[in-house]
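Notes for the one structure printed next.
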Amino acid sequence: MTALLNMAAAVTIAFPAANQKLPFVEKAYMIGAAPRGTQAIEVAGRKVVPYRTGAWACLVDVAEGTNTVAITCGGETTNHVFAVANRPEPPLPGAPKPPEKVWSKLEFCKDVARAHPRGKRPGEITIAVDAGHGGTDTGALSPHGLFEKNANLLQAVALRDELVSRGYKVMMTREDDVALVLGERPREAHEKGADAFVSIHHNAPAANGDAALTRYSAVYSWNKIGEELSAPIAARLAGALAPELPSKGVLHANFAVTRSPEVPSCLVEVDFMTSPAGEEAIFNHARRLEVAIAIADGIDDWANAASPGQEK
Ligand SMILES: [Zn+2]
């Protein structure tokens with residue numbers, strides 16, 4: 001499944017490091033900062049307009065093997081060379097197909113789902129907060145080359161502080177810049193009996209999306225108990241960030257951190273790293289606190305909901 005997804009995907013690279021090798025992709029976002037006094041930028045023969053923030057982004061077509069991208073900036077040309085892996089072999093005819101994602105199976109989780117903390121005070125409720133990516137897994141890149149992993153940790157810490165100030169118990173999957181195995185992230189939340197699991201991420205567009213303009217918030221979940229948690233968080237985020245940031249509300253996704261049949265889980269894509277306006281907002285301290293308050297308000301709504309799926 002991963003190989004199939006990779007084939008259509010684009011990756012975001014700042015400037016390719018020497019000998020950088022990418023998995024098979026057909027397109028790559030090149031991003032960078034425009035030096036002061038830059039009059040024109042041309043990437044791989046294409047004119048690029050730098051953003052007001054002094055950054056630029058450009059989607060380039062890449063080939064298997066060695067790629068050279070010439071970046072001309074203020075009359076000087078620099079060549080960046082990077083390698084792209086070969087296209088994966090198509091599956092043999094008759095090979096078993098990967099199982100299809102069937103969203104209609106959502107109800108099965110009801111049997112093992114942890115009891116909703118209805119009627120409990122925040123001090124009796126534990127929220128697991130997961131800062132996405134970390135260590136060598138940087139996540140998406142912003143136009144100035146800032147890493148999603150760091151944006152996620154800053155936002156997760158702000159959410160932790162907000163939840164603690166409201167009396168919740170909070171467990172964090174990471175508090176440093178460390179790599180975690182994806183499937184391991186929800187483990188502690190399961191073992192130590194967290195009431196909910198919230199993963200914090202910042203988004204990047206699909207290969208055919210517009211890196212400069214694509215921006216929205218969205219909350220992903222997989223099953224009913226996840227949807228019950230996602231809906232009030234998505235609503236509070238949408239309300240807090242309108243009209244600047246549109247919301248796609250609650251979306252379905254079969255992610256390692258959303259498909260727990262036991263612990264209500266969701267993944268919050270707060271904003272887009274790849275858009276210059278998104279980058280500016282994501283690394284703004286006041287906005288980060290606003291987002292933390294909105295997500296915590298959503299968690300309050302969920303914890304206080306009178307009956308499943310119903311907000312107060
Ligand atoms: Zn992410």
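None of the figures in this text is laboratory data; all of them are computed from the coordinates on show. Just so it is clear, the structure is predicted and the values come from calculations on it, not from any experiment. All Cβ positions, even for glycine, are placed from backbone atoms using ideal geometry, and neighbour counts span all protein chains on display.
Nearest 5 is fine: what % of DSSP beta bridges in segment 103-304 come out antiparallel, could you say? Counting only bridges with both partners in segment 103-304, antiparallel ones make up about 20 percent.
Put in line by how crowded their Cβ is, counting other Cβ atoms within 10 Å and starting with the fewest, LEU241, LEU251 read LEU251, LEU241. Placing unit charges on each Cβ (+1 for Lys and Arg, -1 for Asp and Glu) gives the chain a dipole about its Cα centre, and among PHE255, ALA140, ALA179 the Cα reaching farthest toward its positive end belongs to PHE255. The P(r) of the chain has a tail past 33 Å containing 30 percent of all C-alpha pairs.
Of the peptides 124-136, 279-291, the order by per-residue mean of other Cβ atoms within 10 Å, starting with the highest, comes out as 124-136, 279-291. Label separation (VAL181 vs LYS120): 2.8 nm, computed from points 7 Å beyond Cα along the C-beta direction.
Computed over neighbours whose Cβ is under 14 Å from that of ALA292, the net charge equals -1, Lys and Arg +1, Asp and Glu -1. Count Lys and Arg as plus one, Asp and Glu as minus one, and take only other residues whose Cβ is under 11 Å from that of HIS190; the net charge is then 0.
Rounded to the nearest 10 degrees, the inclination of helix 224-241 to the longest alpha-carbon principal axis of the chain is 60 degrees. Listing MET171, MET30, MET273 from fewest to most neighbouring C-beta atoms within 10 Å gives MET171, MET30, MET273.
The phi torsions of segment 263-268, fed into the Karplus equation with coefficients 6.51, -1.76 and 1.60 and a -60° offset, translate into couplings of 9, x, 10, 8, 10, 9 Hz, rounded to whole numbers, with Gly and Pro shown as x. Counting only other residues whose beta carbon sits under 11 Å from that of LEU59, what net charge do I get with K and R as +1, D and E as -1? Computed value for this residue: -1. With everything on Cα atoms, drop me the angle between helix 148-165 and the longest principal axis of the chain, reported from 0 to 90° to the nearest 10. The two axes meet at around 20 degrees. Each peptide in 51-63, 194-206 gets a packing score, the mean of other Cβ atoms within 10 Å over its residues, and the list from highest to lowest is 194-206, 51-63.
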